[in-house]
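The values are calculated or read from the model by the stated rules, or taken from the named source; none is laboratory data. Note that the structure is predicted; figures quoted are calculated from it, not measured. Here the Cβ is made from the backbone with ideal geometry for all residues, glycine too, and neighbour counts use every protein chain on show. Calculation scope for accessible area: heavy atoms of the full protein, side chains included, ligands and nucleic acids excluded. Shrake-Rupley method; radii C 1.70, N 1.55, O 1.52, S 1.80 Å.
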Amino acid sequence: MTEAISLSGAAASRGGAPVWSGVDLGIARGEFVAVLGPNGAGKSTFLDVALGLLPLSAGGVSVLGATPRAARARIGYLPQRRSFDASTRVRGVDVVRLGLDGARWGLPLPAALSGSARAARAKVAEVVELVGASAYAERPIGSLSGGEQQRLLIGQALVRDPEMLLLDEPLDSLDLPNQAAVAALVQRICRTQGVTVVLVAHDVNPILGYLDRVVYFAGGHGVEGPPREVIRADVLSELYGSPIEVVETRSGRLIVVGTPDAGGHSGDCGGHDHAADERQAERPVAEREPAG
Amino acid sequence: MSVAGPHPSWDLVADWEQLTAYPFMVQALEAGAIVAVMAGAIGWFMVLRRQTFAGHTLAMISFPGAAAATLAAIPIAFGYFGACGLGALALAAVGREGSGGRAGESAAIGTVQAFALGLGFLFVGLYGGQLAGLEALLFGTFLGITEGQVVTLLCIAVITLLVLAALARPLFYASVDGAVARAGGVPTRFLGVAFLLLLGMAVAATSEIVGALLVFALLVTPAATAQLITARPVRGLLLSVVFAFAVTWLGLGIAYFSPYPVGFWVTSLSFGLYVLTRLCPLSPRGRQRTEAPPAVA
């Protein structure tokens with residue numbers, strides 16, 4: 001079976017400025033992979049390449065054994081976002097349903113008249129059940145919490161039975177218990193549905209226990225491998241081109257110290273350079289990076 | 001604009017016979033129904049997309065269009081629909097430039113709006129400042145509708161609603177969830193421009209009947225009321241149309257038997273319906289805390 005995503009000698013640039021180059025990596029099907037790196041290192045650029053939204057400036061890319069554009073229909077994508085605001089008067093099930101047939105022209109037929117509409121409704125209900133959102137899927141999505149919204153949005157990305165999920169910072173803006181719950185949900189989907197999951201994350205710690213592999217972008221390059229083989233002092237020092245320390249706490253958390261752009265405890269990736277878990281619980285996100 | 005003479009009874013059939021005794025009243029009811037259905041449906045999407053400010057600007061743009069048509073002695077409908085069509089394209093161009101900030105977009109739209117009003121004032125001045133004409137442009141000509149106008153309105157409404165029906169689902173997707181829709185291959189930019197054009201047509205038709213200043217009684221209030229009541233898309237859309245239709249016909253009916261103008265009754269009824277809905281929540285779950293503010297484009 002072909003790989004889910006493979007890059008060979010790949011380079012990407014945005015607006016003429018190179019983001020990363022010389023990247024070789026292969027993500028096998030069915031894996032749960034996190035994409036890590038400091039702000040602006042090219043995590044979202046990697047997703048754009050995989051989605052076919054941004055052509056490579058050099059090298060080759062293959063997604064699910066095809067070109068990114070050809071594979072697009074087999075991918076469920078969850079963009080980075082802020083949440084729906086409170087005045088959004090649209091039900092959760094409607095948002096999930098849009099993922100199924102929202103791009104189709106015309107008006108949907110009422111379920112009473114059309115078999116395909118009944119099938120669509122059943123499919124939506126099945127996915128809502130899968131992400132554990134049945135209790136609140138009928139409520140306006142603007143009135144739900146961030147974690148509830150995120151579950152419904154993952155449901156929306158899943159509703160077309162994709163072979164791969166690309167999730168751009170789905171844990172961002174969630175509190176710690178919800179980060180762990182959503183990470184567990186994503187891993188369960190990955191295992192039980194056989195879906196490859198590529199998840200861009202700000203902080204590896206909430207998902208560390210669930211991951212098969214990480215891709216780490218920094219300093220204009222990218223490396224991949226099992227989490228504990230990549231998030232290591234020697235590997236990251238070479239990637240950043242400056243001395244980096246990785247500290248493991250007694251609870252198993254990885255803390256990356258000395259990244260060039262990590263002033264104070266502003267959010268970098270691969271861990272936090274402050275060890276206070278309580279403080280992190282209070283402020284799950286330090287800052288949001290612009291796309292790219 | 002009021003009609004003196006007829007007195008209401010409690011016999012609804014007799015009242016209806018009185019209402020429809022004159023052709024001008026029949027035409028007003030017909031035109032009102034057409035405009036209400038169009039405004040209710042398009043207004044629902046406008047409120048969902050938070051383009052109320054764009055709708056308001058289009059209404060303001062319709063005024064110089066109509067004034068220019070009066071000045072040039074061409075049918076006034078050309079003025080309304082031409083100005084709103086061009087205005088919609090201008091808004092689409094402005095919106096495209098302001099890719100990042102909504103604030104920049106609404107400021108640019110506001111600039112267009114002020115200029116449009118100034119132009120309208122100029123055209124009215126050039127025409128000789130006939131105040132009766134000005135009042136009709138701003139507050140409507142409900143009771144002066146001709147049969148020809150009704151037919152024109154019907155054609156425009158049918159075309160607009162057919163296009164809206166064809167675009168409805170992807171438009172809903174793009175309105176609720178723009179980023180995912182775009183990534184999923186929905187032509188969100190095209191839909192944005194197309195919707196502004198549809199909105200322009202609805203605003204032009206509504207302005208022609210209820211006047212540039214009272215457009216929102218049919219375009220915003222019924223849709224906002226419907227969205228307060230239900231979060232279901234189909235039900236909300238239907239409710240919005242029903243509300244717009246009900247306030248228009250009731251307003252016409254009451255105005256016929258009262259000394260006050262139609263525009264006042266239509267706006268008051270739709271406002272009353274909105275306030276009533278806000279005060280007594282019909283939907284038990286998830287009442288919204290903040291209403292979509294009218295000044296947000």
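Looking across segment B:170-179, the residues that are at the interface with chain A (Cβ under 9 Å from one of its Cβ atoms), without any contact (Cβ under 8 Å) to a residue 24 or more places away in the chain and not in a loop (DSSP other than H, G, I, E, B) come down to B:PRO170, B:TYR173, B:ALA174, B:ALA179. Exactly one residue among B:VAL163, B:VAL176 is farther than 16 Å from B:VAL210 by Cα and open to solvent by 50 Å² or more (accessible area, probe 1.4 Å), and that residue is B:VAL163. No other residue among A:LEU107, A:LEU113 is more than 16 Å from B:ASP177 (Cα to Cα) and facing chain B (nearest Cβ under 10 Å) apart from A:LEU107. Consider A:LEU236 carefully, then state whether it is open to solvent by less than 10 Å² (accessible area, probe 1.4 Å) and in a helix (DSSP H, G or I). Taking the combined requirement at face value, the residue satisfies it. Just so you know, in segment A:127-148 the residues that are away from every other protein chain (no Cβ under 12 Å), open to solvent by less than 20 Å² (accessible area, probe 1.4 Å) and in contact with a Leu (Cβ under 7 Å, 6 or more places away or on another chain) include one that is farthest from A:ALA181 (Cα to Cα), and it is A:VAL127.
Within segment A:93-109, the set of residues being open to solvent by 50 Å² or more (accessible area, probe 1.4 Å) and not in a helix (DSSP H, G or I) comprises A:ARG104, A:TRP105, A:LEU107, A:PRO108, A:LEU109. Just one of the listed residues (A:ALA50, A:ALA112) is open to solvent by 20 Å² or more (accessible area, probe 1.4 Å), over 22 Å from B:ARG189 (Cα atoms) and hydrophobic (A, V, I, L, M, F, W, C), namely A:ALA112.
Go through the residues of segment B:16-32 one by one and say whether even a single one is among the polar types (S, T, N, Q), open to solvent by 20 Å² or more (accessible area, probe 1.4 Å) and not in a helix (DSSP H, G or I). Taking every residue of segment B:16-32 in turn, at least one turns out to be among the polar types (S, T, N, Q), open to solvent by 20 Å² or more (accessible area, probe 1.4 Å) and not in a helix (DSSP H, G or I).
Here's a check for you: in segment A:205-233, which residue that is part of a helix (DSSP H, G or I) and under 18 Å from A:MET164 (Cβ atoms) is least open to solvent (accessible area, probe 1.4 Å)? Among residues in segment A:205-233 that are part of a helix (DSSP H, G or I) and under 18 Å from A:MET164 (Cβ atoms), the one least open to solvent (accessible area, probe 1.4 Å) is A:ILE207. The residues in segment A:35-53 that are within 20 Å of A:GLY219 (Cβ to Cβ) and in contact with a helix residue (DSSP H, G or I) (Cβ under 6 Å, 6 or more places away or on another chain) can be counted, and the count is 2. Screening the candidates A:VAL49, A:VAL33, A:VAL96, A:VAL63 for the property of being at pLDDT 90 or above and within 11 Å of chain B (Cβ to nearest Cβ) yields one hit, A:VAL96.
The combined condition, being outside any helix (DSSP H, G or I), within 20 Å of A:ARG89 (Cα to Cα) and either polar (S, T, N, Q) or more than 14 Å from chain B (Cβ to nearest Cβ) (or both), is not fulfilled by A:SER173. Within this structure, A:VAL124 fails the test of being within 7 Å of chain B (Cβ to nearest Cβ), assigned to a helix (DSSP H, G or I) and either over 23 Å from the mean Cα position of the chain (by Cα) or closer than 21 Å to B:THR230 by Cα (or both).
Restricted to segment A:66-82, and to residues that are buried (at least 19 other Cβ atoms within 10 Å of the Cβ) and part of a loop (DSSP other than H, G, I, E, B), which residue is farthest from the other protein chains (Cβ to nearest Cβ)?
So the first thing to find is which residues in segment A:66-82 are buried (at least 19 other Cβ atoms within 10 Å of the Cβ), and the list is A:68, A:71-72, A:75-80.
After this cut, where a residue has to be part of a loop (DSSP other than H, G, I, E, B) as well, the list is A:79-80.
Numbers: A:PRO79: 4, A:GLN80: 8 Å.
The qualifying residue farthest from the other protein chains (Cβ to nearest Cβ) is A:GLN80.
Give the residues of segment A:177-204 that are touching a Gly at 6+ places or on another chain (Cβ under 6 Å) and open to solvent by 20 Å² or more (accessible area, probe 1.4 Å), sorted by residue number. Answer for segment A:177-204, where residues must be touching a Gly at 6+ places or on another chain (Cβ under 6 Å) and open to solvent by 20 Å² or more (accessible area, probe 1.4 Å): A:ASN178, A:GLY194, A:HIS202.
Taken as a whole, the condition of being open to solvent by less than 10 Å² (accessible area, probe 1.4 Å) and more than 22 Å from the chain's Cα centre (by Cα) applies to A:VAL90.
In summary, A:ARG118 fulfils each of the numbered conditions (1) part of a helix (DSSP H, G or I); (2) more than 30 Å from B:ALA165 (Cα to Cα); (3) more than 14 Å from chain B (Cβ to nearest Cβ) with the single exception of condition (2).
Rundown of residues vs (1) of a type in the set (A, V, I, L, M, F, W, C); (2) within 16 Å of A:VAL90 (Cα to Cα); (3) within 12 Å of chain A (Cβ to nearest Cβ), yes/no style:
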| residue | (1), (2), (3) |
| --- | --- |
| B:ALA181 | yes, yes, yes |
| B:LEU191 | yes, no, yes |
| B:ALA194 | yes, no, yes |
| B:ALA205 | yes, no, no |
| B:ILE209 | yes, no, no |
| B:ALA212 | yes, no, no |
| B:LEU219 | yes, no, no |
| B:LEU228 | yes, yes, yes |
| B:ALA231 | yes, yes, yes |
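Across segment A:158-170, the number of residues qualifying as open to solvent by 50 Å² or more (accessible area, probe 1.4 Å) and in a helix (DSSP H, G or I) comes to 0. Residues considered: B:LEU238, B:LEU154. Of these, the only one that is more than 11 Å from chain A (Cβ to nearest Cβ), without any contact (Cβ under 8 Å) to a residue 40 or more places away in the chain and surrounded by fewer than 17 Cβ atoms within 10 Å (Cβ to Cβ) is B:LEU238. Among residues of segment A:184-197 that are in a loop (DSSP other than H, G, I, E, B), those with a Cβ under 9 angstrom from a residue that is of a type in the set (Gly, Ala, Ser), sequence gap 6+ or separate chain, pair up as A:GLY194/A:GLY30; A:VAL195/A:GLY30; A:VAL195/A:GLY76. When segment B:48-69 is filtered for residues that are within 17 Å of B:GLY236 (Cβ to Cβ) and touching a Ser or Thr at 6+ places or on another chain (Cβ under 8 Å), the ones remaining, listed by number, are B:LEU48, B:ARG49.
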